[in-house]
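The values are calculated or read from the model by the stated rules, or taken from the named source; none is laboratory data. Computed from a predicted model, the values in this text were never measured in an experiment. Every residue, glycine as well, gets a Cβ built from its backbone with ideal geometry; the counts of neighbours run over all protein chains shown. Side chains are part of the model used for accessible areas, which takes the heavy atoms of the whole protein and leaves out ligands, DNA and RNA. Shrake-Rupley method; radii C 1.70, N 1.55, O 1.52, S 1.80 Å.
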Amino acid sequence: MKPTDFGMHLTNYLTVYLPGQRGISQNTIKSYADTFRLFFIYYRDGLGKKPEKLTISVFNDKLISGFLDWLETDRKNSISTRNQRLSALQAYCRYLLVETPEYISLLQVNLQIQKKKYTKPQIGYLSQEEITAMLRKPDVHTAEGRRDLALLVLLYDSGARVSELTTLKVRDLRLDNYPVVTLHGKGGKIRQVPLMKKTAKIMLTYLQEHHLTENEKCDCPIFVNKQNKPLTRAGVTYILQKYAERDDITPHIIRHTKAMHLLQAGVNIIYIRDIMGHSSIDTTNIYAKADTEMKRKALETLSTDITPNVPDWRADNALMEWLKNISS
């Protein structure tokens, strides 16, 4: 079967344009590819049509809107996920604008589809007491427990994204008098994050136990599973949830926790932005807003109401009569 224009352009978009010309990370490309995988499932199962016959001419706003509604209603995806899928489809539309200008009207309409509004949930994070309690749980008398402790300590202390943690290699750790971890973030950006000396000591002990301090091991992954393969996102989440008191705990909550603790310790928000690897200070400011909101709610729960009872001057007949007299 002859490939359609949609299929040919999508293949080039995912395999040549994004990685080669845009330098987009593999994680982002996988996310985009997953969006189109779901889109094809909807086209096949939801509409009863063959994905291999899909053409750009029918890739219109009604089809996209139907897909987004299917994500939310049939697959029970959150509005945030729905909006992320829309962003991926619209990014492809921008690519097609250059490659297929004859469809400019159709593609422009697609780009006008608005993201669905929703109330963003409050940032979840752990208190100092909660994170301390969690880090005390791994059994350091076992190899697995020592591995888990090293992973949890490094995840918290570095504020790393889970994708940054799972791709860490031995060479990315410097554990001398000024310990630092080099994190490889979104869009190929690299940043160095200072580590506490206690973290460095735990990591050095871990590396020595697994014979990872030898020069020929510098390109080895730091954290591996029982099959000696790098831990996945699911693997890190599994380890985290073994020791967490809450059911909703995720690696990203640990990242939020680090940022909030830095803010509450009085660290300049510019430094927090650099440690977290945010591209914009606006992203970092969400922690300042969350902290301010938390303080406001704490003040509102005070048992003593310090707001004075202000009398209603309009109910004072004598005062009202006096006001009338001086205005006449």
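Taking the stretch 3-85 and the helices (runs of 4 or more DSSP H) fully enclosed by it, the elements with 3 or more residues that are under 25 Å from Gly187 (Cα atoms) and open to solvent by less than 30 Å² (accessible area, probe 1.4 Å) are at 26-41. Within the stretch 214-228, being open to solvent by 70 Å² or more (accessible area, probe 1.4 Å) and farther than 19 Å from Leu173 by Cα holds for Lys226, Gln227, Asn228. It is to be established whether one or more residues within the stretch 136-143 are over 27 Å from Arg22 (Cα atoms), open to solvent by less than 80 Å² (accessible area, probe 1.4 Å), of a type in the set (D, E, K, R) and without any contact (Cβ under 8 Å) to a residue 60 or more places away in the chain. Scanning the stretch 136-143 turns up at least one residue that is over 27 Å from Arg22 (Cα atoms), open to solvent by less than 80 Å² (accessible area, probe 1.4 Å), of a type in the set (D, E, K, R) and without any contact (Cβ under 8 Å) to a residue 60 or more places away in the chain. The residues on offer are Leu165, Leu106, Leu149, and the sole one that is in contact (Cβ under 8 Å) with a residue 24 or more places away in the chain and touching a strand residue (DSSP E or B) at 6+ places or on another chain (Cβ under 9 Å) is Leu165.
Residues that are of a type in the set (D, E, K, R), touching a Phe, Trp or Tyr at 6+ places or on another chain (Cβ under 9 Å) and at pLDDT 95 or above: does the stretch 93-107 have at least one? Yes, the stretch 93-107 contains at least one residue that is of a type in the set (D, E, K, R), touching a Phe, Trp or Tyr at 6+ places or on another chain (Cβ under 9 Å) and at pLDDT 95 or above. Is it fair to say Leu149 is over 25 Å from Asp274 (Cα atoms) and assigned to a helix (DSSP H, G or I)? Yes.
Each row is one residue, and each column tells you yes or no for (1) open to solvent by less than 70 Å² (accessible area, probe 1.4 Å); (2) among the hydrophobic types (A, V, I, L, M, F, W, C); (3) farther than 28 Å from Thr28 by Cβ; (4) not in a loop (DSSP other than H, G, I, E, B).
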| residue | (1), (2), (3), (4) |
| --- | --- |
| Leu165 | yes, yes, no, yes |
| Asp176 | no, no, yes, no |
| Val181 | yes, yes, no, yes |
| Ile202 | yes, yes, yes, yes |
